[in-house]
Amino acid sequence: MKNIEFTITDDLLATKQQRLLNLIIDLLFLYIIILSVGTAVMLIGEASYNLALSDWIKSMGWLEIVFYSLLIMFLYYSLTEIYFSRTFAQLVTRTVVVKKDGSKPDNAMFFKRTLFRFIPFEPFSFLGASSRGWHDVFSETYVVKKKKLARKMKLIET
């Protein structure tokens, strides 16, 4: 029996439409998380009579809001992908993040992937011919259709 090495092919890659839907759903989740965490901190501050904490949340400047939002975004992408190999949006679109051989990326790859999302204009990197963005290319990861990947890997194994 030959030892065949599996590799990701173009037919397994998530479509541009799936990637756009992933972006929209993830941004919606992030918006909800950002508002929820801010509201929870403010309510905890008021419930514990720590008015300085709730006043700080109410009076955050735009730079603080940007930093806070970027921190939440970093935690959302890195933690969901490290633990589940996918974000909530990728769960909805039935896609998953993998390495070129179809296996789960290591934590360093997910960390790089998350950091590369912060490159200005990175969402526009999907406008080219490929459905891979800069955060995919630079971290050497692929977003693929989960069921199609499983079927193809099963064929290779048998």
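For the reader, a short list of remarks on this structure follows.
- Out of 57, 33, one residue alone is outside any loop (DSSP other than H, G, I, E, B) and farther than 30 Å from residue 126 by Cβ. It is 57.
- Index of the failed condition, residue 42 passing every other in (1) closer than 25 Å to residue 103 by Cβ; (2) open to solvent by 40 Å² or more (accessible area, probe 1.4 Å); (3) touching a residue at least 12 places away in the same chain (Cβ under 8 Å): (1)
- Cross-chain or 6+ apart pairs with Cβ under 8 Å, the stretch 126-140 first and assigned to a loop (DSSP other than H, G, I, E, B), then surrounded by fewer than 17 Cβ atoms within 10 Å (Cβ to Cβ) and among the β-branched types (Val, Ile, Thr): 131/15
- Residue 87 being surrounded by 15 or more Cβ atoms within 10 Å (Cβ to Cβ), touching a Phe, Trp or Tyr at 6+ places or on another chain (Cβ under 7 Å) and of a type in the set (S, T, N, Q): yes
- Count of the stretch 1-21 residues which are open to solvent by 90 Å² or more (accessible area, probe 1.4 Å) and either free of Cβ contacts under 8 Å to residues at least 40 places away in the same chain or among the hydroxyl-bearing types (Ser, Thr, Tyr) (or both): 5
- The residues in the stretch 141-158 that are in contact with a Lys or Arg (Cβ under 8 Å, 6 or more places away or on another chain) and either closer than 12 Å to residue 114 by Cα or open to solvent by less than 70 Å² (accessible area, probe 1.4 Å) (or both) can be counted, and the count is 4.
- Every residue from the stretch 111-124 that is part of a helix (DSSP H, G or I) and at pLDDT 90 or above: 111, 112, 113, 114, 115, 116, 122
- The residues on offer are 76, 68, and the sole one that is closer than 30 Å to residue 106 by Cβ, at pLDDT below 95 and part of a helix (DSSP H, G or I) is 68.
- Check on residue 24, without any contact (Cβ under 8 Å) to a residue 60 or more places away in the chain and either in a strand (DSSP E or B) or of a type in the set (Val, Ile, Thr) (or both): no
The values are calculated or read from the model by the stated rules, or taken from the named source; none is laboratory data. The structure presented is a predicted model; accordingly, all values stated were derived computationally and were not measured. Cβ sites come from the backbone with ideal geometry, for glycine too, and all protein chains shown count toward neighbours. Side chains are part of the model used for accessible areas, which takes the heavy atoms of the whole protein and leaves out ligands, DNA and RNA. Shrake-Rupley method; radii C 1.70, N 1.55, O 1.52, S 1.80 Å.
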